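The values are calculated or read from the model by the stated rules, or taken from the named source; none is laboratory data. Predicted, not measured: the structure shown is a model, and the values here were computed from it. Reconstructed Cβ throughout: ideal geometry from the backbone, glycine too, with neighbour counts over all protein chains shown. Heads up: the accessible areas ignore ligands, DNA and RNA and are worked out on the full protein's heavy atoms, side chains in. Shrake-Rupley method; radii C 1.70, N 1.55, O 1.52, S 1.80 Å.
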Protein chains: 2
Amino acid sequence: MAAPAEPRVCSIARTLDVVGEKWALLAVREVFLGNRRFDEMIRRTGAPRDTLAARLRTLVEAGILRRHRYSDHPQRFEYRLTTAGRDLYPVILTLLRWGDEHLAGVEGPPLVLQHSCGHRLIPEVTCQACGEVVDPTETSRRSPVSS
Amino acid sequence: MAAPAEPRVCSIARTLDVVGEKWALLAVREVFLGNRRFDEMIRRTGAPRDTLAARLRTLVEAGILRRHRYSDHPQRFEYRLTTAGRDLYPVILTLLRWGDEHLAGVEGPPLVLQHSCGHRLIPEVTCQACGEVVDPTETSRRSPVSS
DNA sequence: ACCGTGCGTCCAGAATCCGAACTGACTAGC
DNA sequence: GCTAGTCAGTTCGGATTCTGGACGCACGGT
């Protein structure tokens with residue numbers, strides 16, 4: 001009986017289950033940029049209202065966003081990042097960088113970030129232990145749990 | 001005439017147009033892990049064959065994967081990363097890390113990577129200019145193109 | 001000739017996404 | 001008071017996309 005080798009259990013897959021749906025990360029992007037309200041997100045992302053509403057629900061359920069009431073009488077909510085949501089910043093940044101490098105038109109990157117050190121922010125992924133920039137050829141797998 | 005404020009032009013959105021579809025990044029993950037063949041990817045990702053075939057096509061069109069013939073007579077192809085594809089490694093790593101931190105079960109991360117420096121790889125996103133770990137509170141927007 | 005493997009395609013149904021219109025609770029202007 | 005406008009969604013029918021299962025085809029081994 002040939003082992004069916006069921007789908008790899010993996011944090012990448014699990015993360016994509018949560019933020020991999022269309023518009024999810026764009027909603028998170030908007031919150032990072034300070035646009036926390038529904039209609040503003042609709043305008044800035046171009047998502048259908050319906051879809052955005054569904055996405056925000058799942059992001060709240062997943063603990064990435066938090067619904068915060070900013071008006072009582074017409075009940076109005078805005079969406080804020082939780083700690084887990086803020087931890088998505090590296091994901092956003094690496095996506096941004098890839099797009100800047102591989103899809104930027106002649107006009108260059110449409111959104112440029114500035115780091116507090118005074119320079120333009122160019123995000124790099126480094127090894128926490130040694131600080132070196134990480135390259136696929138310099139990493140290997142380490143004894144997984146067996147399966 | 002209220003400005004409709006059309007969707008933000010943004011490298012994140014553009015990147016997601018290319019790799020944001022379901023299964024796309026899992027296919028790329030498999031190639032990073034060395035599984036370059038169709039059936040192997042099917043087994044390891046759990047994607048439907050049809051969907052994977054479509055995804056591989058778009059990834060090839062997008063210049064992320066390259067089809068490489070490894071057998072002539074039964075024409076057989078495997079999928080290899082292009083330079084642009086290898087540049088997705090940071091995206092994969094940040095997704096992995098987020099999942100490890102926020103979705104790992106009691107068993108801990110199912111996939112552990114080792115860096116050539118000898119330590120377990122824990123990827124961090126740092127500023128190319130100053131080397132500091134990047135925090136959302138320490139970045140700001142820099143003169144966008146106007147819109 | 002027959003079975004198994006590798007790499008897909010084809011198909012029909014299910015799930016999801018889409019845009020536009022609508023609701024409901026207000027606020028601002030006249 | 002009446003009309004407009006804003007905000008945060010929901011509802012709706014139609015368009016897309018995903019899904020799993022069956023099928024096709026070219027081998028290779030026995």
For the protein assembly as shown, the Debye formula with one identical point scatterer on each Cα and no solvent gives log10 I(q)/I(0) at q = 0.07, 0.14, 0.16 Å⁻¹ as -0.28, -1.11, -1.42
Note, segment B:7-19: 3J(HN,Hα) by Karplus (6.51, -1.76, 1.60, θ = phi - 60°), whole Hz, Gly/Pro = x, goes x, 4, 7, 6, 5, 5, 4, 5, 5, 5, 4, 8, 10
Non-local residues with an amide H under 5 Å from the amide H of B:Leu65, with H modelled 1.01 Å from N and Pro and chain starts lacking one, are B:Val60, B:Thr82
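In percent, what relative contact order does chain A have, based on Cα pairs under 8 Å that are 6 or more apart in sequence? Show your work: numbers first, answer last.
Details: 103 pairs, mean separation 20.3, N = 147.
For chain A, the relative contact order is 14 percent.
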Expected vector for segment A:65-79, Karplus 3J(HN,Hα) from phi with 6.51, -1.76, 1.60 and θ = phi - 60°, integer Hz, x for Gly and Pro, equals 10, 10, 8, 10, 7, 10, 8, 8, 6, x, 4, 10, 10, 10, 10
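With +1 assigned to the C-beta of every Lys and Arg and -1 to the C-beta of every Asp and Glu, and no other charges, what is the dipole magnitude of chain A about the Cα centre in debye, to the nearest 20?
Working: 21 positive and 18 negative charges, 130 e Å.
Computed charge dipole of chain A: roughly 620 debye.
How large is Rg/Rh for segment B:1-139, to two decimals, with Cα atoms and a Kirkwood Rh? Mind dumping the intermediate values first?
On the way: Rg = 18.2 Å, Rh = 17.5 Å.
Radius of gyration relative to Kirkwood radius: 1.04.
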Within the set A:Gly118, A:Gly108, A:Gly85, GNM on chain A using Cα springs under 10 Å gives the largest fluctuation to A:Gly118
If one builds a Gaussian network model of chain B from Cα atoms under 10 Å apart, the most fluctuating residue listed among B:Glu132, B:Glu30, B:Glu101 is B:Glu132
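Tell me: how much accessible area in total is hidden between A and B, 1.4 Å probe, Å², nearest 100? Mind dumping the intermediate values first?
Working: alone 11310 and 11340 Å², together 15320 Å².
It comes to approximately 7300 Å² buried between A and B.
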Projected onto the charge dipole of segment B:11-138 (unit charges on the beta-carbon of Lys, Arg, Asp and Glu, signs +1, +1, -1, -1), the Cα from B:Leu113, B:Leu26, B:Thr58 with the largest positive-side position is that of B:Thr58
In degrees rounded to 10, the 0-90 angle between helix B:49-61 Cα long axis and the longest Cα principal axis of chain B is 60 degrees
So the carbon and sulfur contribution to the accessible area of segment B:11-138, 1.4 Å probe, in percent, is 45 percent
If each part is reduced to its alpha-carbon centroid, segment B:87-124 and segment A:49-67 end up apart, in Å, by 25 Å
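Explain nothing, just the number: dipole magnitude of the protein assembly as shown about its Cα centre with +1 on each Lys and Arg Cβ and -1 on each Asp and Glu Cβ, in debye rounded to the nearest 20. Walk me through the numbers on the way to the answer.
Working: 42 positive and 36 negative charges, 115 e Å.
Roughly 560 debye for the protein assembly as shown.
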Rounded to one decimal in nm, the spacing of the 7 Å Cα→Cβ label points at B:Gln128 and B:Arg69 is 3.8 nm
Given backbone amide H placed at 1.01 Å from N, residues whose amide H is under 5 Å from that of A:Leu121, ignoring those fewer than 5 places away on the same chain, are A:Leu113, A:Gln114, A:His115
Note, segment B:122-137: 3J(HN,Hα) by Karplus (6.51, -1.76, 1.60, θ = phi - 60°), whole Hz, Gly/Pro = x, goes 10, x, 10, 9, 10, 7, 4, 6, 10, x, 6, 5, 8, 10, x, 6
Ratio for segment B:67-147, C-alpha Rg to 2.2 N^0.38 Å, reads 1.63
Within the set B:Val133, B:Val28, B:Val91, GNM on chain B using Cα springs under 10 Å gives the largest fluctuation to B:Val133
